[in-house]
Each structure stands twice: as structure tokens, then as C-alpha cells.
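Here's the structure, in C-alpha cells; my notes come after.
What follows is calculated from the coordinates using simple rules that are stated; it is not laboratory data. Since the model is a prediction, treat every value here as computed from it, not as a measurement. No Cβ is skipped: glycine too gets one built from the backbone with ideal geometry, and neighbour counts run over all protein chains shown.
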Amino acid sequence: MKSIKNLTRFTYETAAFQGWRLSLSRSGTVFRKYYSDKKFGDDKKSLAAAEAALAGLKVLLDASKLVDGKHTPATIRKAEKLLEQA
């Protein structure tokens with residue numbers, strides 16, 4: 001499968017991890033989470049989970065207000081919590 005914006009596919013034969021990495025940078029803060037094929041069952045299910053988390057993260061960050069050009073600590077905690085739930 002091909003990488004999608006903010007989602008990168010890892011399928012190295014010699015690596016222990018195979019799956020998708022969500023990486024989104026907004027206002028100087030980088031949000032990352034890995035979605036393993038092993039945990040979700042296969043590559044399509046891990047991609048679906050990563051896409052759902054990415055959509056929710058974008059909604060949260062786009063709706064939040066910036067203070068001095070940065071996200072507030074509360075918004076960052078909410079985003080991290082959202083990623084942990086996936």
C-alpha cells in the first residue's frame with residue numbers, strides 16, 4: 001500500500017513492526033502514533049484505525065484556539081488522550 005498524507009506505511013521484512021504511523025504537526029507540536037497490523041488484525045484494519053484517529057485529531061486541532069501561535073496544554077492533552085484511545 002502507498003503512503004497517505006500524514007500516514008506512512010512501514011513494511012520492512014527485517015523489522016519487528018509492520019503497520020502505519022500517524023504523524024501530524026500543527027503549530028510547532030508533533031503528534032505521533034503507530035498502528036500495528038498485529039494489534040488490529042491486518043493492514044486494512046490498522047489503516048482504518050489510523051485514518052479514524054487522524055480525522056478526529058484534525059477536527060480537534062482545527063477547532064481549538066491558539067495562544068501566541070501555539071496550542072494550549074489542555075488541547076495537547078486532549079489530542080494525546082484521543083490518540084491513546086485508538
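Compute the angle between helix 73-85 and the longest alpha-carbon principal axis of the chain, please, reported from 0 to 90 degrees and rounded to the nearest 10.
Taking the Cα atoms of the chain, the angle to 73-85 is about 20 degrees.
List the equivalent ellipsoid semi-axes of region 7-85 in whole Å, largest first, each obtained as the square root of 5λ for an eigenvalue λ of the Cα gyration tensor. Walk me through the numbers before you get to the answer.
On the way: eigenvalues 147, 29, 17 Å².
So the three semi-axes of region 7-85 are 27, 12, 9 Å.
222 nm [θ] for the chain, helices only, -39500 (n - 2.57) per DSSP H run of 4+, per residue, to 500?
Numbers: 3 runs with 38 residues, N = 86.
Dividing the helical sum by the residues of the chain leaves -14000 deg cm²/dmol.
Of the chymotrypsin sites (Phe, Trp or Tyr not before Pro) in the chain, which ones lie in a loop per DSSP and count no more than 15 other C-beta atoms within 10 Å? Numbers along the way, then the final one.
On the way: sites: F10, Y12, F17, W20, F31, Y34, Y35, F40; in loops: Y12, F17.
Qualifying residues, ordered by number: Y12, F17.
Give me R26, R32 ranked fewest to most by other Cβ atoms within 10 Å of their Cβ, as a rough exposure proxy. If you can, show how the numbers build up before the last one.
Details: R26 19, R32 10.
Fewest to most other Cβ atoms nearby, the residues stand as R32, R26.
Would you mind checking the tilt of helix 43-63 against the longest principal axis of the Cα atoms of the chain, expressed as 0 to 90 degrees and rounded to 10?
Its long axis makes an angle of about 10 degrees.
Using only alpha carbon pairs under 8 Å that are at least six residues apart, calculate the relative contact order of the chain and give it in whole percent.
Values: 107 pairs, mean separation 18.4, N = 86.
21 percent.
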